[in-house]
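Some notes on the structure that comes next.
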Amino acid sequence: MKRLLETATTEIEIKKSRFISIAYPVESLEEVKEKVILTRSLHPNATHVVHSAVVGKSGTLFSSSDDREPKNTAGRPSLEVLKGSGITNICVCTVRYFGGTLLGTGGLVKAYGDSTKEVLKIVKTEELIERESFTAVMQYDHYTLAKRLLDETTATDITEDFGVGITIKGKIPLSMHDILQKGFQNIGQGRIQLTFQS
């Protein structure tokens, strides 16, 4: 499985209806709801905001909605495209601005499917690697070497808080656990507090 790295957007026009597909990285079905709400707020005048999502390490959690389009003509075709993509932790919201011409059920199925295919052509993904979260608390003189170590261990989702000391949070592949632990031990000579959260 692959996972989505960043948000991507495409737009196609079919018989004057605009279909804007936005692919969001998500971690849970709860986050999918948030992305649908966000998309509605960005497109308050849209006729429909249809969504489909695949979530979970093995891509076995699904969500979709037709948002007042005829049953199974919008969310389902979009979801089928997503299922076949090998990408997980992805939510695609397709915004439709009605152009005045009815597309019929077959036309809608094709339009929503094609719109999802279009956004999948441009998304950036990476192999889904199991990761664990970490928190490291250190002094300022350890920061430069710590940053280098985080690069070497391919840490992601990094946040930094500069206060009395520095607190760095992020995620690393499970395979890098020991390397990060030993690296921080060497840099801080035991003075860097490192904790892991699974």
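The values are calculated or read from the model by the stated rules, or taken from the named source; none is laboratory data. All figures in this text were calculated on a predicted structure; none of them were measured in a lab. Don't worry about glycine lacking a Cβ; one is built from the backbone with ideal geometry, like all the others, and counts go over all protein chains shown.
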Task: Of all residues making up segment 18-27, the number that are touching a helix residue (DSSP H, G or I) at 6+ places or on another chain (Cβ under 8 Å), over 19 Å from A111 (Cβ atoms) and assigned to a strand (DSSP E or B) - done: 1
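Can you pull out the residues in segment 107-161 that are hydroxyl-bearing (S, T, Y) and surrounded by 12 or more Cβ atoms within 10 Å (Cβ to Cβ)? Outline the logic, then answer.
To start, the set of residues in segment 107-161 that are hydroxyl-bearing (S, T, Y) comprises 112, 115-116, 125, 133, 135, 140, 143-144, 153-154, 156, 159.
Across segment 107-161, the qualifying residues are Y112, S115, T116, T125, S133, T135, Y143, T153, T154, T156.
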- [ ] Write out, first by first residue and then by second, each pair whose Cβ atoms fall under 9 Å of each other, whose residues are 6+ apart or on separate chains, and whose first residue, in segment 59-79, is hydroxyl-bearing (S, T, Y) while the second is part of a loop (DSSP other than H, G, I, E, B).
- [x] S64/A74; S65/A74; T73/D66; T73/L103
Open item on the list: Regarding segment 20-36, can at least one residue be identified that is at pLDDT 95 or above, in contact with a Ser or Thr (Cβ under 6 Å, 6 or more places away or on another chain) and either farther than 23 Å from I129 by Cα or exposed (fewer than 14 other Cβ atoms within 10 Å of the Cβ) (or both)?
Closed with: yes
- [ ] Go through (1) at pLDDT below 95; (2) under 19 Å from E6 (Cβ atoms) one by one and return the number of the condition A53 breaks.
- [x] (1)
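Right, E13: in contact with a strand residue (DSSP E or B) (Cβ under 8 Å, 6 or more places away or on another chain), buried (at least 16 other Cβ atoms within 10 Å of the Cβ) and over 30 Å from L174 (Cβ atoms) or not? Don't jump to the end; show me each part of the working.
Values: in contact with a strand residue (DSSP E or B) (Cβ under 8 Å, 6 or more places away or on another chain): yes; buried (at least 16 other Cβ atoms within 10 Å of the Cβ): no; over 30 Å from L174 (Cβ atoms): yes.
So E13 does not fit the description; no.
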Open item on the list: Go through (1) assigned to a helix (DSSP H, G or I); (2) closer than 25 Å to A8 by Cβ for S175 and report which single condition fails.
Closed with: (2)
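Hey, among the residues in segment 28-68 that are of a type in the set (G, A, S), over 11 Å from V95 (Cβ atoms) and not in a strand (DSSP E or B), which one's nearest to the chain's Cα centre (by Cα)? Please lay out each step first, then the result.
The initial filter retains those residues of segment 28-68 that are of a type in the set (G, A, S), namely 28, 41, 46, 52-53, 56, 58-59, 63-65.
Filter once more, keeping what is over 11 Å from V95 (Cβ atoms): 28, 41, 52-53, 56, 58-59, 63-65.
Then keep just the ones that are not in a strand (DSSP E or B); that gives 28, 41, 56, 58-59.
Numbers: S28: 10, S41: 19, G56: 11, S58: 15, G59: 13 Å.
The selected residue is S28.
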Task: Scope segment 142-186; condition closer than 20 Å to E126 by Cα and of a type in the set (A, V, I, L, M); matching residues - done: L150, A155, I158, I172, L174, M176
TODO: Taking only segment 5-33 into account, find how many residues are more than 15 Å from V50 (Cβ to Cβ) and without any contact (Cβ under 8 Å) to a residue 60 or more places away in the chain.
DONE: 4
Task: Qualifying residues in segment 81-98 (those that are farther than 18 Å from P25 by Cα and surrounded by 15 or more Cβ atoms within 10 Å (Cβ to Cβ)) - the one farthest from the chain's Cα centre (by Cα) - done: Y97
- [ ] Report yes if I179 is outside the structural domain of S41 (by TED's automatic domain parsing), free of Cβ contacts under 8 Å to residues at least 40 places away in the same chain, surrounded by 14 or more Cβ atoms within 10 Å (Cβ to Cβ) and touching a strand residue (DSSP E or B) at 6+ places or on another chain (Cβ under 9 Å), otherwise no.
- [x] yes
Task: Output for segment 1-17, where each listed residue is more than 16 Å from T94 (Cα to Cα) and in a strand (DSSP E or B) - done: K2, R3, L4
